[in-house]
Amino acid sequence: MDIKHITSPLQQEVIKKLAVGDMVSISGRIVTGRDQIHKYLASGGNPPIDLSGLVIYHCGPVVIKEKGQWKITAAGPTTSVREEPYQAEIISKLRPGAIMGKGGMGEKTRKAMSECGCVYLHATGGAAQYLAECIVKVEGVYLEQFGQPESMWLLTIKDLPALVTMDSHGNSLHDTVLNDSSKRLEGLFSQPFSVRK
Amino acid sequence: MYDLIRKTSTVLPEDVTLAIKKAIAREEKSSVAEQTLDIILKSIVLSSKNGLPICQDTGTVLVMIEGRPDKSIFHLEKSIKDAIRKLTKEGILRQNCVCPLTEKNTLDNTGKYVPQIHFEPVNGPTRISIMLKGGGSENMSTQYSLPNSKIQAGRDMEGVRRCILDAVFQAQGKGCAPGILGVCIGGDRASGYLIAKKQLFRKLDDKNPSPVLAALEKTVLKQANELNVGPMGLGGKTTLLGVKIGHAGRHPACYFVTVSYSCWATRRYVVELNQKGEIKKWI
């Protein structure tokens, strides 16, 4: 499979060309944000840095301080759909280039992504070591009052692998899998279980 | 306890790693499913080599102690809590305990009712079972009260099968598929979840002593993998790595089916202690 190399912050023309099913390799500056950050930003809190074009990564990393330097010891994605109540508003207000996480997002987010030019990047859940190795540097940390996993970490990454599962044209792989598996479930329900098979 | 919890966070059990390797071989070459599982396997190797957490969500610590009820239990409880605090400082466990009243993180992974330590009196050597269960998969765990008209599940094994398949479908990739299911048929609202979680300690290749449950485990595993939810819910042949079903007596009025969803990073070990409280063997 061909891999598209993209850099955060993302330009609109790059975002528009990304389609569901594209494997991407991301480099550049990204920020983490999960439940507390999303609640804060959606309820009018000021973003500590300009988020336009940036990748917002749904991730609560494990971080330790070693010789005065932050060190990320694990950094996989968290379940994105928890941010569904907030994400659309953050996309339209702060214009990030991509949302990265796992599990995909809902209808409201999909609409906001089409309207504002934003994509959803699916990173491999639980692959915390593989993904942590793609983090080259911790540039800073903001909103530390939310606790370590919930703070906004500004990171420089290199070649982080992800899959485009929602694009800026309204497509979603998650919907496709959901609909397909729903039909399959119906089929399986028509094969009742009996021990003497 | 320090070594036990450290290993649980950093080294995936052999049977789970083997199941992931087998799944890679089953998926189509260069498919998203194969590549996803490949990244997972690479990450497992890295965490073990570097002695770092398998997943950044180092979970909630669940401990089951079986042993003779004597004073050593207090010592064990203390050493578990000390180990958790130390490992949190070292970045092997994430700060995963928040007080719901103040919304403040307790910063050391302990808090009211945390960690959960269950004791079962047994007249034999002390056994400790430990699990680090991630929050994403815990959110996908669920309990059905039968009959359930929505999925037409009655109070029989066919009804149980429908519940389990529905739980897998509802979870999609959100519990970090391919998952492992611990299931309890019967029990009450509380015991159902605990007994379901206990099933997750069983090795993936063990055989259920009940022929009915063994057959149900086999059927549900095969059928769940036909749902095509796939690794991380991105499509593919591997949606589950295992299904383990237990049962408990039920009140005549109640029929619960409880499904504990565990992610691919199912982190659990069981050890036996010697009289000094040191690890005698890994089970």
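The values are calculated or read from the model by the stated rules, or taken from the named source; none is laboratory data. Only a predicted model underlies this, so the values are computations on that prediction, with no experimental measurement involved. Quick reminder, even Gly has a Cβ in these numbers, built from the backbone with ideal geometry, and neighbours come from all protein chains shown. With ligands, DNA and RNA removed, areas are computed over all heavy atoms of the protein, side chains included. Shrake-Rupley method; radii C 1.70, N 1.55, O 1.52, S 1.80 Å.
Scanning segment B:201-234 for residues that are under 15 Å from A:ARG184 (Cβ atoms), open to solvent by 40 Å² or more (accessible area, probe 1.4 Å) and out of contact with any Leu (no Cβ under 8 Å at 6 or more places or on another chain) yields B:LYS222, B:ASN228.
Within the set B:ALA253, B:ALA190, B:ALA177, the sole residue that is closer than 30 Å to A:THR176 by Cβ and either under 17 Å from the mean Cα position of the chain (by Cα) or not polar (S, T, N, Q) (or both) turns out to be B:ALA177.
Evaluating B:THR17 against the criteria (1) touching a residue at least 60 places away in the same chain (Cβ under 8 Å); (2) out of contact with any strand residue (DSSP E or B) (no Cβ under 7 Å at 6 or more places or on another chain); (3) part of a helix (DSSP H, G or I) leaves one unmet condition, (1). With respect to the conditions (1) at pLDDT 95 or above; (2) at negative phi, B:ASN109 falls short on a single one, namely (2). In the set (1) at the interface with chain A (Cβ under 10 Å from one of its Cβ atoms); (2) in contact with a helix residue (DSSP H, G or I) (Cβ under 7 Å, 6 or more places away or on another chain); (3) more than 22 Å from B:MET131 (Cβ to Cβ), B:SER30 fails one condition alone, (2).
Out of all the residues in segment B:143-157, is one or more touching a Pro at 6+ places or on another chain (Cβ under 9 Å), modelled with pLDDT of 95 or more and more than 14 Å from chain A (Cβ to nearest Cβ)? Checked segment B:143-157: no residue is touching a Pro at 6+ places or on another chain (Cβ under 9 Å), modelled with pLDDT of 95 or more and more than 14 Å from chain A (Cβ to nearest Cβ).
Looking at segment B:71-78, is at least one residue on the phi > 0 side of the Ramachandran plot and not hydrophobic (A, V, I, L, M, F, W, C)? No: segment B:71-78 contains no residue that is on the phi > 0 side of the Ramachandran plot and not hydrophobic (A, V, I, L, M, F, W, C). Taken over segment B:202-234, the criterion of being among the polar types (S, T, N, Q) and more than 8 Å from chain A (Cβ to nearest Cβ) is satisfied by B:ASN208, B:SER210, B:ASN225. Just one residue in the set B:LYS78, B:LYS104, B:LYS42 is charged (D, E, K, R) and within 23 Å of A:PRO149 (Cβ to Cβ); that residue is B:LYS104.
Within segment B:49-66, if we keep just the residues that are more than 9 Å from chain A (Cβ to nearest Cβ) and under 19 Å from the mean Cα position of the chain (by Cα), the residue that is nearest to B:GLY236 (Cα to Cα) turns out to be B:GLY59.
Scanning segment B:235-255 for residues that are surrounded by fewer than 23 Cβ atoms within 10 Å (Cβ to Cβ) and part of a strand (DSSP E or B), we see that the one that is farthest from the other protein chains (Cβ to nearest Cβ) is B:ALA248. For segment A:48-65, the criterion of being farther than 22 Å from B:SER43 by Cα, within 14 Å of another protein chain (Cβ to nearest Cβ) and assigned to a strand (DSSP E or B) is met by at least one residue.
If you go through segment A:1-23 and keep only what is within 14 Å of chain B (Cβ to nearest Cβ) and surrounded by 18 or more Cβ atoms within 10 Å (Cβ to Cβ), you end up with A:VAL20, A:ASP22.
Selection over segment A:143-189 of residues that are hydroxyl-bearing (Ser, Thr, Tyr), out of contact with any Leu (no Cβ under 8 Å at 6 or more places or on another chain) and within 11 Å of another protein chain (Cβ to nearest Cβ) gives a count of 2.
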